[in-house]
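Below is one structure, written out as structure tokens; the observations come after it.
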């Protein structure tokens, strides 16, 4: 049976703190509206990063529950910008 990651959004929220602590990471959960442009993705990322102390080093983990509904071009542009 094929499952869709959007079926597991509640699980992501429950595991959010565990993942954050285990991997010493910042979790950034993007919804469909956040993914409508690279600017909105960056704004959401900025808010998450503002929670960090300047001396903290952490990795970023992006969770995109509705990946199939976002523009692939927008996502590609975002990945290119990060690279």
> Are any residues in segment 56-83 part of a loop (DSSP other than H, G, I, E, B) and either modelled with pLDDT of 75 or more or surrounded by 16 or more Cβ atoms within 10 Å (Cβ to Cβ) (or both), and if so, which ones?
Replying inline: 64, 65, 66, 70, 71
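Within segment 41-55, track down each residue that is within 17 Å of residue 80 (Cβ to Cβ) and buried (at least 16 other Cβ atoms within 10 Å of the Cβ). If you could, list the steps in order and put the result at the bottom.
Just the residues of segment 41-55 that are within 17 Å of residue 80 (Cβ to Cβ), to begin with: 41-42, 45.
Those that are within 17 Å of residue 80 (Cβ to Cβ) and buried (at least 16 other Cβ atoms within 10 Å of the Cβ): 41, 45.
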> Out of segment 37-60, which residues are in contact with a helix residue (DSSP H, G or I) (Cβ under 7 Å, 6 or more places away or on another chain) and touching a residue at least 12 places away in the same chain (Cβ under 8 Å)?
Replying inline: 37, 38, 41, 44
>> Return the residues of segment 13-42 that are within 18 Å of residue 58 (Cα to Cα), at pLDDT 80 or above and in a helix (DSSP H, G or I); say none if nothing qualifies.
In response: 42
> If we keep just the residues of segment 24-40 that are touching a strand residue (DSSP E or B) at 6+ places or on another chain (Cβ under 7 Å) and surrounded by 14 or more Cβ atoms within 10 Å (Cβ to Cβ), which is farthest from residue 11 (Cα to Cα)?
Replying inline: 26
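The values are calculated or read from the model by the stated rules, or taken from the named source; none is laboratory data. Keep in mind the model is a prediction, meaning the values are calculated, not measured. Every residue, glycine as well, gets a Cβ built from its backbone with ideal geometry; the counts of neighbours run over all protein chains shown.
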